[in-house]
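J.: Dropping a structure here in structure tokens format, bear with me for questions.
The values are calculated or read from the model by the stated rules, or taken from the named source; none is laboratory data. Nothing here was measured: the structure is a model prediction, and the numbers come from that model. All Cβ positions, glycine included, derive from the backbone under ideal geometry; neighbour counts span all protein chains shown. Accessible surface is based on the protein model in full, side chains and every heavy atom, while ligands, DNA and RNA are left aside. Shrake-Rupley method; radii C 1.70, N 1.55, O 1.52, S 1.80 Å.
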Amino acid sequence: MTKHDLEQRYLAACAIAYEAGDLARRRFEDRASIGLKFKGPQDYLTAADGEVERLIIRRIGEAFPDDACYGEEGGGTFGSRVWVIDPIDGTANFARGVPHFCISIAFVDEGKPAVGAIYSPATAEMFAARRGGGATCNGRPMQVSTTPDLKQATIELGWSTRRPMQNYLDMMARVAAAGASFRRAGSGALGIAYVADGRADGYCELHINSWDALAGLLMVEEAGGWINDFLAHDGLAQGNPVVATTPILKDAVRAAAGILG
Ligand code: IPD
Ligand code: CA
């Protein structure tokens, strides 16, 4: 892929995330018509998820008709150039009137994440990165934290019903015993972007899907952070455990999370 092709996709990802975020914000503000359903226990779905995803896929198809697309809600195909989309990440927050949710769009070229855009409509923040081009929040360069020790650190521990609750409680107990503070704010994509911006010192989850993680992981790398080999063993289609943290804390965070892969 040429520099020009990459730049075009970076600009498109940001523009589409912004447009999709504006639609999501309008649906969020009209909560009475949110159309809430459940895909499974604690797995929220709203009518807006599908509506926003269709808008994103339409816009990508108009701009890059030969690229593949894969979305959380409607699926799709994985090609050598593929867009991986979470139309609303933090759906449970969105559905309950909590403004911590985002649009997450990643572009993967030949198995390597090349572009990431995450837009938070409630805070009007655009987190963005392209491979080799750094990571920014509303144009300001992002850098991971330099917290020296877990006793001063805050780690986000993502949770879903895809792994046993006991494993999550064990991870939380280890992180707490190591002296870190922990949080679970309900959007994996924003949680990982926050590591890139030094708002947390790590994000760990025992299983996360590629549409939640890829855009943020590129930002963490570009912001000088450390990430695990998330795309190993078909992580694109199947998801994987995730650790995104800082070079200083990487050994301590991996050991406390119990995620060594
Ligand atoms: C979920 C959120 C959550 C994370 C889960 C995701 P959704 O996505 O990102 O924070 O822990 O792994 O499935 O359901 O809000 O799109
Ligand atoms: Ca999601």
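J.: Could you tell me the calculated FRET efficiency between Arg140 and Asp229, based on Cβ-Cβ distance and R0 = 30 angstrom, to the nearest 0.05?
T.: Using R0 = 30 Å, I get an efficiency of 0.55.
J.: Just Ala106, Ala92, Ala196 to compare: in a GNM of the chain, with alpha carbon springs under 10 Å, which one fluctuates most?
T.: Answer for the Gaussian network model of the chain: Ala92.
J.: Limiting things to C-alpha atoms, what are the Rg and the maximum Cα-Cα separation (Dmax) for the chain, in angstroms?
T.: Rg then Dmax for the chain, in Å: 17.1, 51.
J.: Let me ask you something else. Ignoring ligands and nucleic acids, what accessible area does His207 show with a 1.4 Å probe (Å², nearest 10)?
T.: Surface open to solvent at His207 totals about 20 Å².
J.: Taking just the alpha carbons, could you work out the radius of gyration and Dmax for the range 3-141, both in angstroms?
T.: So, for the range 3-141, Rg and Dmax equal 14.7, 45 Å respectively.
J.: What ranking of Arg131, Arg96 comes out by heavy-atom accessible area, probe 1.4 Å, highest first?
T.: Largest accessible area first, the residues go Arg96, Arg131.
J.: In the chain, if the dipole is taken from +1 on Lys/Arg beta carbons and -1 on Asp/Glu beta carbons about the Cα centre, which of Met171, Gly191, Val243 is farthest to the positive end?
T.: The residue sitting most towards the positive pole is Met171.
J.: Quote to one decimal, in nm, the extra length available between Lys151 and Phe38 on full extension: 0.36 nm per residue of separation minus the C-alpha distance between them.
T.: Taking Lys151 through Phe38 to full extension adds about 36.9 nm, to one decimal.
J.: Given labels modelled 7 Å from the Cα in the Cβ direction, how far is it in nm from Ala15 to Leu260?
T.: 4.8
J.: With θ taken as phi - 60° and the coefficients 6.51, -1.76 and 1.60, list the Karplus ³J(HN,Hα) couplings across the range 195-206 in order, rounded to whole Hz; mark glycine and proline as x.
T.: 5, 4, 9, x, 7, 9, 9, x, 10, 9, 8, 6
J.: Given a 1.4 Å probe and the protein chains all in place, what does the accessible area of His4 round to, in Å² to the nearest 10?
T.: Rounded to the nearest 10, the figure is 120 Å².
J.: For Phe78, project a label point 7 Å along Cα to C-beta. Then give me every residue of the range 124-140 with its amide nitrogen under 13 Å of that point.
T.: The answer is none, because no backbone nitrogen lies closer than 13 Å to the label point.
J.: Could you work out how far apart the two model spin labels at Arg31 and Ala176 are, taking each label as a point 7 Å from the Cα in the direction of the beta carbon, and quote it in nm?
T.: So the label points at Arg31 and Ala176 sit 2.9 nm apart.
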